[in-house]
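The values are calculated or read from the model by the stated rules, or taken from the named source; none is laboratory data. Bear in mind the structure is a predicted one, so any value in this text is a computation, not a measurement. No Cβ is skipped: glycine too gets one built from the backbone with ideal geometry, and neighbour counts run over all protein chains shown. Note: accessible area is taken over every heavy atom of the protein model, side chains too, but ligands, DNA and RNA are not part of it. Shrake-Rupley method; radii C 1.70, N 1.55, O 1.52, S 1.80 Å.
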Amino acid sequence: YLHALIRETHRLTPTTLIAINKTVDVDNLEVHGRKMEKGDVVLLESYSQGMNSDIVENPEEFRPERWLRDAVEARKGSPSEIIDHPFLASPFSQGARKCPGSRVATNEIKVLLSQLVLDWKISSPITELENVRYQQHGTLEVKLPGLQFETRL
């Protein structure tokens, strides 16, 4: 479930809005009914895909369950399957250009979150996702509310 929680967080707050761009290197390429010519630039932009209600059911809701095995299997063969594509599923890219430290970073995130939840009760005055604000510089940044940390007994 921790992996699903992290994946849902990445869907709502991707590290960058445009994850990758490529130049079409063949003539008359057609993908899902979209025609592209040689030299056209194609961008993989993950935020709008993750917030598209045609692809993600109730995209404004924080629901880590959508990333559990049964939910992923249920999406196969449907237009919603696009959100499980490796280029959208990981903030570290894929293939030969994948971040070499991605496994270390992913494991560090899991350990850090696990330890925080074990040691602290974390609360926020913001209870609705729609009230979370963002700003973009080089990456998409969440403007975090004042969090309260209380030692667990």
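Structure data summary
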read-out	value
Aspartates and glutamates with Cα under 13 Å of residue 143, excluding same-chain neighbours fewer than 8 positions away	130
Helical contribution to [θ] at 222 nm, DSSP H n ≥ 4, -39,500 (n - 2.57), averaged over the chain, rounded to 500	-8500 deg cm²/dmol
Among 9, 32, 153 - extreme Cα towards positive end, dipole of the chain, charges at beta-carbon	153
Cβ-based net charge around residue 90, under 13 Å, with every Lys or Arg adding one and every Asp or Glu removing one	+4
Using alpha-carbon coordinates, inclination of helix 2-12 to the longest axis of the chain, degrees	60 degrees
Accessible area of the chain belonging to carbon and sulfur atoms, whole % at 1.4 Å probe	54 percent
12 Å beta-carbon shell around residue 55, net charge (K/R +1, D/E -1)	-1
Protection proxy ranking of 29-42, 60-73 - average other beta-carbon atoms within 10 Å, highest first	60-73, 29-42
Residue-count net charge about residue 121 - beta-carbon cut-off 12 Å; Lys, Arg +1, Asp, Glu -1	-1
The chain, accessible area per residue, ligands and nucleic acids excluded (1.4 Å, Å²)	72 Å²
Label assignment, log10 I(q)/I(0) by the Debye sum over Cα atoms at q = 0.17, 0.19, 0.20 Å⁻¹ derived from the structure, set (i) -1.04, -1.14, -1.20; (ii) -1.22, -1.44, -1.53; (iii) -1.11, -1.29, -1.36	(ii)
For q = 0.12, 0.20, 0.21, 0.24 Å⁻¹, Debye-computed log10 I/I(0) when each Cα of segment 68-130 counts as one equal scatterer	-0.55, -1.00, -1.00, -0.99
Net length gained if the chain between residue 128 and residue 53 were fully extended (0.36 nm per residue, minus Cα distance)	25.2 nm
